[in-house]
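The values are calculated or read from the model by the stated rules, or taken from the named source; none is laboratory data. Just so you know, these numbers come straight off a predicted model, no measurement behind them. Reconstructed Cβ throughout: ideal geometry from the backbone, glycine too, with neighbour counts over all protein chains shown. Quick note on the areas: whole protein, heavy atoms, side chains included, nothing else; ligands and nucleic acids left out. Shrake-Rupley method; radii C 1.70, N 1.55, O 1.52, S 1.80 Å.
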Amino acid sequence: MIKSVADEVWAFDCEWVPDILAGRLLYGLPDDVPQSEVLRVMWEQGGATEENPMPFLKTVLCRVVSVATVIRRAPRGGGEAQLFLQALPENPDDDAHAQDEAYILRRFLLDGLAARNPQLVGFNSRNADLRILLQRAFTHGIDLKAMGERMNAKPWESRDVDLMELISGFGRQHAVSLNEVARLSGIPGKMDVMGEDVCGLWYSGRCREIVNYNCFDALTTYLVWLRTAHVSGHFTQERYRLEQRLVRRLIEDRAQRPDGAFLLAYLDEWRNLKQRTGQDDGVFE
């Protein structure tokens, strides 16, 4: 399934919401039209129905509000890998900082991917997350020359991993969500916040809750990648257990920070799911 595991792996997830400015510009809505009305028009133009009043909009009509990443760096000579959890914006309580989409894009695409050139892991990342990052960078006029090779690589030539492409399939009976494949594997999926909640959180000024939710999804993506690497033969059973313990340690360490206590809920859910699925493999001993 996975052809290789690079020395540096980034498992990421990003969140986006309808962009009010895009709605005003494309549908001729003046600046004094309330945000709620702009959103209504955007969803209406996007095909809203009574059953689905808030349909997914074209990604170019949305703005990126958060990117979270679990980073794995393995020493070239062997030994224990280092894990990091990074989230953008770094200070979601600062409204000016949180509102700066161009900063988020530059930090992730240029300071991160272009500078470090990691193996990138996501779920539906090729057609969704990477696509919106590219489109929104384009609207901000960000120089993406350093990203050209990654963006233009054919799927079979790229070392990046889209877990949905590996695990899912065609037809409703074969398609899987990250939440489904995670929870059935003893890994936390969706918890208190769902994807459809992000827009409401953003437009009510609750950016920190979005970032926290985004961190949960990045951790889930990383743990699903770890499992995929294990079943692909890259990690033995013992090594897989040790790699999961590194994630546990990462969460426990970050939870000691004033802004990291929210991660304890993820840890509790992970422990609970391992027990319920009969996959209590010693990670929590």
Which of the residues belonging to region 35-83 are under 16 Å from V9 (Cα atoms) and among the polar types (S, T, N, Q)? T69, Q82
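Matching residues to (1) surrounded by fewer than 22 Cβ atoms within 10 Å (Cβ to Cβ); (2) more than 18 Å from the chain's Cα centre (by Cα); (3) at pLDDT 95 or above:
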residue	(1), (2), (3)
I210	no, no, yes
Y213	no, no, yes
F216	no, no, yes
L219	no, no, yes
W225	no, no, yes
S232	yes, yes, yes
R241	yes, yes, yes
L246	yes, yes, yes
I251	yes, no, yes
Counting only residues that are surrounded by 16 or more Cβ atoms within 10 Å (Cβ to Cβ) and in a loop (DSSP other than H, G, I, E, B), how many does region 135-146 have? 2
Give the residue that is most open to solvent (accessible area, probe 1.4 Å), with candidates limited to residues of region 172-192 that are in a helix (DSSP H, G or I) and farther than 24 Å from M54 by Cα. R183
Taking the stated definitions as given, is A98 surrounded by 15 or more Cβ atoms within 10 Å (Cβ to Cβ) and either among the charged types (D, E, K, R) or without any contact (Cβ under 8 Å) to a residue 12 or more places away in the chain (or both)? no
Number of the condition not met by R126 [criteria: (1) loosely packed, with under 15 Cβ neighbours inside 10 Å; (2) closer than 20 Å to C62 by Cα; (3) at pLDDT below 95]: (1)
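Each row is one residue, and each column tells you yes or no for (1) assigned to a strand (DSSP E or B); (2) within 24 Å of E196 (Cα to Cα); (3) touching a strand residue (DSSP E or B) at 6+ places or on another chain (Cβ under 6 Å).
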| site | (1), (2), (3) |
| --- | --- |
| V9 | yes, no, yes |
| F12 | yes, yes, yes |
| V33 | no, yes, no |
| V38 | no, yes, no |
| V41 | no, yes, no |
| T49 | no, yes, no |
| T69 | yes, yes, yes |
| G79 | no, no, no |
Quick check: anything in region 104-115 at positive phi and free of Cβ contacts under 8 Å to residues at least 60 places away in the same chain? no
Of the criteria (1) part of a helix (DSSP H, G or I); (2) open to solvent by 60 Å² or more (accessible area, probe 1.4 Å); (3) under 19 Å from R131 (Cα atoms); (4) touching a strand residue (DSSP E or B) at 6+ places or on another chain (Cβ under 9 Å), which one D111 fails: (4)
Apart from one, (1) assigned to a helix (DSSP H, G or I); (2) open to solvent by less than 50 Å² (accessible area, probe 1.4 Å); (3) more than 25 Å from L263 (Cα to Cα) all hold for E149; the odd one out is (2)
Does any residue in region 31-45 that is over 15 Å from G200 (Cβ atoms) come within less than 7 Å, Cβ to Cβ, of a residue that is open to solvent by less than 80 Å² (accessible area, probe 1.4 Å) six or more places away or on a different chain, and which pairs are these? D31/R24; V41/G23; V41/Y27; V41/L29; Q45/Y27
So, in region 45-93, of the ones that are of a type in the set (A, V, I, L, M) and open to solvent by 20 Å² or more (accessible area, probe 1.4 Å), which residue ends up farthest from G112 (Cα to Cα)? A48
Of all residues making up region 193-234, the number that are in contact with a helix residue (DSSP H, G or I) (Cβ under 8 Å, 6 or more places away or on another chain), free of Cβ contacts under 8 Å to residues at least 40 places away in the same chain and either outside any helix (DSSP H, G or I) or among the basic types (K, R) (or both): 1
Is it the case that V121 is of a type outside the set (D, E, K, R), touching a Ser or Thr at 6+ places or on another chain (Cβ under 7 Å) and in contact (Cβ under 8 Å) with a residue 40 or more places away in the chain? yes
